[in-house]
Structures are given as structure tokens and as C-alpha cells.
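The values are calculated or read from the model by the stated rules, or taken from the named source; none is laboratory data. Values in this document were obtained by computation on a predicted structure and should not be read as measured data. We place every Cβ from the backbone using ideal geometry, glycine too, and count neighbours over all the protein chains shown.
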Amino acid sequence: MELTIKLLGVFLGVLARTLLPYIRKVKHGKVKKFGRKYGEQAFASLILGVITTFIIFPQFNIDKPGVGLEASIKLFCLSFAFGFGCNSIVSEAIKWTEKNNTKK
């Protein structure tokens, strides 16, 4: 059960970080409809989310999360934040390299 909570938390954290920019664009009216382009991007995000989860998951170690529902919720929140943060760092690094490459 603990492994499932960890994997699910990391994966959902990665996926949330990947989809938040799209949700922000919808909120600000920059996106009018969910077209084929966004469907393809969502599918790619899902695949990349799985890959990123399995890459960063070995780095996520918790010795003793505790027992019971409260411990499970804490473990999920911690793993969610870990996945979100790692994916955010990767996304930001990609943006920095893209900006530097376009100036040349």
C-alpha cells in the first residue's frame, strides 16, 4: 500500500505540474477550445509524466511514514510535492535553455 501511495503521489505531482500551464491559459482566455493539438499534448504529458515518475522515484525515500490514514495522507502529500517540485525544476531548466538558444 505504501508503495502505491508513493507512486501515485509522485505521478500526480508530475502530472499536475505539467497540466497547470494549460489550465492557466484556459482561465485567462488564451485557449478557446480543447483541440487536437491539446489532446496530443495531454497524451504526451501523460507519457512524460510516467517516465519522469520512474526516473525520480528512486530518489524519494521515506524511512517510517507512520501508521493509519493520517500517515497515508501525509505520505501522499509529501510524494505529490516531491513530484511537483522535481518536474518544476526540469520544466524551468528547459525554459532557460530555450531562451538562451533563441538569442544565438
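Report, by residue number, each residue of segment 27-65 that is assigned to a loop (DSSP other than H, G, I, E, B) and either at pLDDT 75 or above or exposed (fewer than 11 other Cβ atoms within 10 Å of the Cβ) (or both).
Of everything in segment 27-65, those that are assigned to a loop (DSSP other than H, G, I, E, B) and either at pLDDT 75 or above or exposed (fewer than 11 other Cβ atoms within 10 Å of the Cβ) (or both) turn out to be HIS28, GLY29, LYS30, VAL31, LYS32, LYS33, GLY35, ASN61, ASP63, LYS64.
In segment 47-85, what residues are within 19 Å of THR18 (Cβ to Cβ) and among the acidic types (Asp, Glu)? Quick ask: steps written out before the conclusion?
Let us first name the residues in segment 47-85 that are within 19 Å of THR18 (Cβ to Cβ), namely 47-57, 59-60, 76-77, 79-85.
None; the set is empty.
Please work out which residue is modelled with the lowest pLDDT, limiting yourself to segment 85-104 and to residues that are more than 22 Å from the chain's Cα centre (by Cα) and among the polar types (S, T, N, Q).
My answer is THR102.
Would you point out the residue of segment 79-94, among those that are surrounded by 18 or more Cβ atoms within 10 Å (Cβ to Cβ) and of a type outside the set (S, T, N, Q), that is nearest to LEU8 (Cα to Cα)?
Only one residue tops the list, namely PHE80.
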